[in-house]
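To start, the structure itself, in structure tokens.
The values are calculated or read from the model by the stated rules, or taken from the named source; none is laboratory data. Note that the coordinates shown come from a computational prediction; the quantities given were computed from them, not determined experimentally. A quick note on method: Cβ atoms are made from the backbone with ideal geometry, for glycine too, and the neighbour counts reach across all protein chains shown. What goes into the accessible areas is simple: the full protein's heavy atoms, side chains included, and nothing from ligands, DNA or RNA. Shrake-Rupley method; radii C 1.70, N 1.55, O 1.52, S 1.80 Å.
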Amino acid sequence: MSEIKKRKKTTVQTFAEKKSRGEKITVLTAYDHITARLLDQAGIDSLLVGDSAANVIHGFRSTLPMTMDLMIAHTAAVVRGNARALVIADMPFMSFQPSEETATLNAGRFLAEAGAEAVKLEGGLEMVSTIKRLIDIGIPVMGHIGLTPQSIHRFGGPRVQGRVERSRTYLMESAQALEEAGCFSIVLELVEKKIAAEITTALKTTATIGIGAGPECDGQVLVINDILGLREPEFRPKFLREYADLSTIITEAVRKYVDDVKSGDFPGEDESYNTL
Ligand code: KIV
């Protein structure tokens, strides 16, 4: 039996089990059902329906314009393509910040309407009470600290976090409070690698999932479009490893199609229907 056939459904408990065994957790973003199916079949542990869809799918410059309705549609599509990975839906800007009630209703929509199994929301110490409320009513939560893109205007740009003592203290205290609140995992985004390693060691059961946070995290997440080379040419962060150049493959395929249609080579006899 192949590795994939043997693979069990990933649950939030799988994250803690893998952390305790020192087994790395693999996460990628996904926004549509075909991609979800391919990533799931390739053996990914978890699919994060990130609000990065604002950038890579919808062409916005930040994640701030993302809406609940768009995120629900992306999440439902991913759920339809997935079999074994854990599907986590990202709570967009203003879907959880205004009040605990807003957060509860919107997190509930992701599970009830879209079929997500967990939600992710950005923020550390200041979000603990909201996160606790969600977990108390049965909604698993992935935290997200470090460079949190919904606060990009406060950070003044994509700056690495945890390079000064005050920032390191905030990150460690936030991570410990999120574990105490019951988060099954925490994304560490653009975090200096030494403090990311210290947080990973300090947390007993909550798995750290890094993006630009060094190799010591319990797992890694990247944006699917970025690793496949479907990105803006100027977007080339240090932490990104590109595994394929689909931009070139797509451009070449489309040029060939255009040439074939223009020359009359497509459609051919085999691609046309005859009378019965
Ligand atoms: O929206 C997203 O894709 C994310 C990941 C990069 C962690 O938040």
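Key figures for this structure:
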| quantity | calculated |
| --- | --- |
| Matching residues, segment 10-56, being away from the ligand (no atom under 16 Å from the Cβ), outside any helix (DSSP H, G or I) and open to solvent by less than 30 Å² (accessible area, probe 1.4 Å) | Thr10, Gly43 |
| Any hit, segment 111-125, residues being part of a helix (DSSP H, G or I), at pLDDT 95 or above, open to solvent by 10 Å² or more (accessible area, probe 1.4 Å) and under 21 Å from Val79 (Cβ atoms) | yes |
| Enumeration of residues in segment 116-129 that are of a type outside the set (A, V, I, L, M, F, W, C), under 18 Å from Leu171 (Cα atoms) and more than 16 Å from the ligand (Cβ to nearest atom) | Glu126, Ser129 |
| Hits in segment 72-84 - residues which are touching a helix residue (DSSP H, G or I) at 6+ places or on another chain (Cβ under 7 Å) and part of a helix (DSSP H, G or I) | Ile72, His74, Thr75, Ala77, Val78, Arg80, Gly81 |
| Residue within segment 209-227 that is away from the ligand (no atom under 13 Å from the Cβ), buried (at least 21 other Cβ atoms within 10 Å of the Cβ) and over 20 Å from Asp32 (Cα atoms) present | yes |
| Residue match in segment 178-185 (condition: touching a Leu at 6+ places or on another chain (Cβ under 8 Å) and either under 24 Å from Lys19 (Cβ atoms) or within 16 Å of the ligand (Cβ to nearest atom) (or both)) | yes |
